[in-house]
Amino acid sequence: MADFFSDPKTAAQISFLLENIPFAIWETIYSTVIATVFAYLIGLPLGVILVTGAKDGIRPLPAPLMQALNVVVNLLRSVPFLILMVLVMPLSRIILGTTIGTPGILVPLTVAAFPFAARLVESSIREMDKGLIEAAQSMGCSTLQIVWKVMLPESLPSLLSGFLTAFITILGYGAMAGAIGGGGLGAMALMKGWALQQFLVIYGAVIVIVILVQIFQSAGSHLVNRMDRRTASGQKKGGKH
């Protein structure tokens, strides 16, 4: 074991990890958070439209429009991320002026993630009790009021769970983006580790990615469980009154 750590190549890899891991972690978290937020800025209203504008929704939209929206969402979800990233690179250059590093992957991550986020939002809203919507309609609530005061609050625990799922998925996308110029832990594992056959760098980066996923998964699950308990408690109190 002592010989292993005293080997110059091993010592160089350990030194590289210690010097670069903190910044790589920051890049990974930064890009994941920004891409998830923008994915939900697009995906949340799109998911709401997919529910409210459906044939059985509270505000049906023209069938050709809904079909077009569903086709676009399904097509974008069907394209493998690495291929989609290459296709979106020109858009990234137009918007951010670069296609490499952490800034360069924000647009591809967002484009890849917002259809997924939209489906998660759609699924969360469809799970709620339709009787609440019917009650709101009977009281004369507008579409906006039903969405803002009934659908979203009642679906909040499920929406938070979907957000967590999207966040972890985007974290994985960001790691894959290292193969074609992205930054963060994925780039460290692929460009510095695999390309140079520095296996300690690969293992170190992968272990840190796994740890990050577990941390966010545990923290997110705890938050969702607390939200579920509060919602259930509120519904019991409301039932007593």
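The values are calculated or read from the model by the stated rules, or taken from the named source; none is laboratory data. It should be emphasised that the depicted structure is a prediction, and the values quoted were computed from it without experimental measurement. Glycine gets a Cβ as well: all are built from the backbone with ideal geometry, and neighbour counts include every protein chain shown.
Does the range 166-205 hold any residues that are within 21 Å of MET89 (Cα to Cα), surrounded by fewer than 19 Cβ atoms within 10 Å (Cβ to Cβ) and at pLDDT 85 or above, and which are they? Correct list: GLY172 only. In the range 38-58, the residues that are surrounded by 17 or more Cβ atoms within 10 Å (Cβ to Cβ) reach residues that are part of a loop (DSSP other than H, G, I, E, B) with C-beta atoms within less than 6 angstrom, at least six apart or across chains, in these pairs: VAL51/GLY57; THR52/ILE58; THR52/ARG59; GLY53/LEU61.
Conditions (1) part of a loop (DSSP other than H, G, I, E, B); (2) surrounded by fewer than 19 Cβ atoms within 10 Å (Cβ to Cβ); (3) charged (D, E, K, R), marked per residue:
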| residue | (1), (2), (3) |
| --- | --- |
| LEU106 | no, no, no |
| VAL111 | no, no, no |
| ALA118 | no, no, no |
| MET128 | yes, yes, no |
| GLY131 | no, yes, no |
| LEU144 | no, yes, no |
| LYS149 | no, yes, yes |
| LEU152 | no, yes, no |
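For the range 4-12, the criterion of being among the polar types (S, T, N, Q), under 30 Å from LYS192 (Cα atoms) and either under 25 Å from the mean Cα position of the chain (by Cα) or not in a helix (DSSP H, G or I) (or both) is met by no residue. Taken residue by residue, the range 157-165 has no member that is within 24 Å of GLN13 (Cα to Cα) and either in a helix (DSSP H, G or I) or at pLDDT below 90 (or both). On the basis of being among the basic types (Lys, Arg), under 30 Å from ILE58 (Cα atoms) and modelled with pLDDT of 85 or more, does ARG93 make the cut? So ARG93 does not fit the description; no.
Among the residues of this structure, LEU82 does not count as one that is touching a helix residue (DSSP H, G or I) at 6+ places or on another chain (Cβ under 9 Å), over 29 Å from VAL206 (Cα atoms) and part of a helix (DSSP H, G or I).
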